[in-house]
Amino acid sequence: MENQFNRLKEYHEQKKPLLIYNCWDVGSAKLMESKGATVIGTSSYAFAETLGYNDGESVPFSDLIVLSERLVAATSLPVTIDAEGLYAQRLETLSNHAERLIQTGISGFNFEDQLVKAGAVTRWSLEEQVQRIRLIKEVAAKMNVAIFLNTRTDVFFQSRNHQQAVVEAIARGRAYAKAGADGFFIPGTLDSEIVRRVVNEVPLPVNIMIDGDAVARKKWCEIGVKRMSTGPHTYLANQERLAKNLTEVMSID
């Protein structure tokens with residue numbers, strides 16, 4: 001089985017950060033490709049919204065598989081999927097879901113340490129998440145497939161004190177790197193000094209979430225960020241424009 005892992009990996013090694021405007025379906029992905037996107041990446045929030053679900057692994061996993069297959073078939077670009085926590089708490093389920101997702105032909109996926117259980121949102125312990133990362137990499141190796149695993153930590157989303165949270169973020173990033181991760185995603189902070197610390201102390205390409213302002217790309221490049229993604233903001237901006245247009249049209253007598 002072949003994918004575009006090498007191409008995706010190379011984009012994380014260039015001086016200028018990889019910029020991903022996250023899509024939610026084939027139509028938005030094809031539009032982004034037509035406008036010069038180099039990688040197609042999804043947003044779990046946006047994808048869930050289009051199907052009438054809440055974010056947080058509410059969408060049936062089978063629907064995520066279908067989306068992955070359709071994106072790979074519809075575009076010539078590397079595809080990376082927001083897989084949240086792979087919809088799995090048991091290791092057996094994690095292994096099965098990893099295999100099914102990799103079989104779609106995607107080049108990579110985001111894998112987060114957020115844990116949603118009985119309505120409560122926490123994080124997997126460092127040791128548990130390291131075990132989960134290693135298992136995913138073992139599954140890919142058995143399939144003889146290279147997959148870009150962009151490991152995400154939710155410490156900044158779940159903490160009010162980011163000066164303390166950065167210590168845990170760095171510890172997690174280092175451990176995830178040793179476990180075989182290919183990238184480290186730190187959504188929830190755009191504090192330049194915090195991001196700089198993570199870049200300097202974690203031996204992985206660092207990914208941040210922006211609100212669509214690509215003008216700041218030069219600043220993040222100088223700090224050493226290797227990937228910038230918009231997450232749900234592209235979808236939300238699209239919905240805002242649609243709402244504005246509808247309001248203007250509906251107000252015409």
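The values are calculated or read from the model by the stated rules, or taken from the named source; none is laboratory data. Values in this document were obtained by computation on a predicted structure and should not be read as measured data. Ideal geometry is used to build each Cβ from the backbone, glycine not excepted, and the neighbour counts take in all protein chains shown.
Name the pairs: first residue in region 40-65 and touching a residue at least 40 places away in the same chain (Cβ under 8 Å) and more than 14 Å from S28 (Cα to Cα), second residue among the aliphatic types (A, V, I, L, M) and surrounded by fewer than 21 Cβ atoms within 10 Å (Cβ to Cβ), Cβ to Cβ under 8 Å, at least 6 apart or on different chains?
The qualifying pairs are G56/V116; G56/V121; E57/V116.
Could you list all residues from region 169-204 that are within 18 Å of K9 (Cα to Cα), surrounded by fewer than 18 Cβ atoms within 10 Å (Cβ to Cβ) and of a type in the set (A, V, I, L, M, F, W, C)?
A177
Quick test for you: out of V116, V130, pick the one residue that is in contact with a Gly (Cβ under 7 Å, 6 or more places away or on another chain) and of a type in the set (V, I, T). Before the answer, list the steps.
Numbers: V130 fails: in contact with a Gly (Cβ under 7 Å, 6 or more places away or on another chain).
On inspection, the qualifying residue turns out to be V116.
How do the pairs read when you match residues in region 21-33 that are over 14 Å from F47 (Cβ atoms) with residues anywhere that are surrounded by fewer than 17 Cβ atoms within 10 Å (Cβ to Cβ) and of a type in the set (D, E), using Cβ under 7 Å and keeping only pairs 6 or more apart or on different chains?
Qualifying pairs under 7 Å: none.
Could you go through region 152-163 and let me know if any residue there is closer than 23 Å to R7 by Cα, surrounded by 15 or more Cβ atoms within 10 Å (Cβ to Cβ) and modelled with pLDDT of 95 or more. Before you say what the answer is, go through the steps one by one.
Going through region 152-163, the residues closer than 23 Å to R7 by Cα turn out to be 152.
Of the ones still in play, those that are also surrounded by 15 or more Cβ atoms within 10 Å (Cβ to Cβ) are 152.
Then keep just the ones that are modelled with pLDDT of 95 or more; that gives 152.
Yes, region 152-163 has at least one match.
Please determine whether any residue of region 8-21 is farther than 30 Å from I223 by Cα, out of contact with any His (no Cβ under 6 Å at 6 or more places or on another chain) and surrounded by fewer than 20 Cβ atoms within 10 Å (Cβ to Cβ). Spell out the reasoning first.
Of region 8-21, the ones farther than 30 Å from I223 by Cα are none.
No, region 8-21 has no match at all.
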